[in-house]
Amino acid sequence: MKTIVALAVMSFAFAATFSGMAKAQDQQSFKTIISKGYDIKGVTFAKGESTDNRETFVVTLQKEKSIAVCYFAANTWITLSTSMLEDSKRCDVRY
């Protein structure tokens with residue numbers, strides 16, 4: 001069930017990019033997004049075909065009409081690894 005939810009979240013995020021719903025998109029670090037005042041709206045664990053059988057957390061954040069979707073290996077999210085939280089390629093932000 002959690003895998004289905006994760007797939008739905010990822011599908012929505014990628015669909016928004018191609019459907020014209022998103023005006024602009026860029027990549028930022030989780031730390032930068034949090035410092036800009038985004039709120040975490042959901043954290044989903046995923047493991048299966050969509051993640052090449054890797055244990056992954058998908059973190060969805062929102063600030064007003066902007067959304068961000070971040071992807072982390074399970075160990076990174078559980079330990080809050082500073083280097084990964086500062087990696088500017090971990091989160092896709094759509095305005």
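Any read-out appearing in this document is the output of simple, stated calculations on the displayed coordinates, not a laboratory observation. These numbers come from a predicted model, not from an experiment. FYI the Cβ positions are ideal-geometry reconstructions off the backbone, even for glycines, and counts take in every protein chain you see.
Worth pointing out:
- Residue in the range 46-66 that is of a type in the set (Val, Ile, Thr) and closer than 13 Å to GLN28 by Cα present: no
- Members of the range 35-64 found to be assigned to a loop (DSSP other than H, G, I, E, B) and touching a strand residue (DSSP E or B) at 6+ places or on another chain (Cβ under 9 Å), listed by number: LYS36, GLY37, TYR38, LYS47, ARG54, GLU55
- Enumeration of residues in the range 70-91 that are under 10 Å from ILE33 (Cβ atoms) and assigned to a strand (DSSP E or B): CYS70, CYS91
- Search result, residues across the range 44-65 that are in contact with a Lys or Arg (Cβ under 9 Å, 6 or more places away or on another chain), of a type in the set (S, T, N, Q) and either crowded, with 16+ Cβ neighbours inside 10 Å or at positive phi (or both): THR44, ASN53, THR56, THR60
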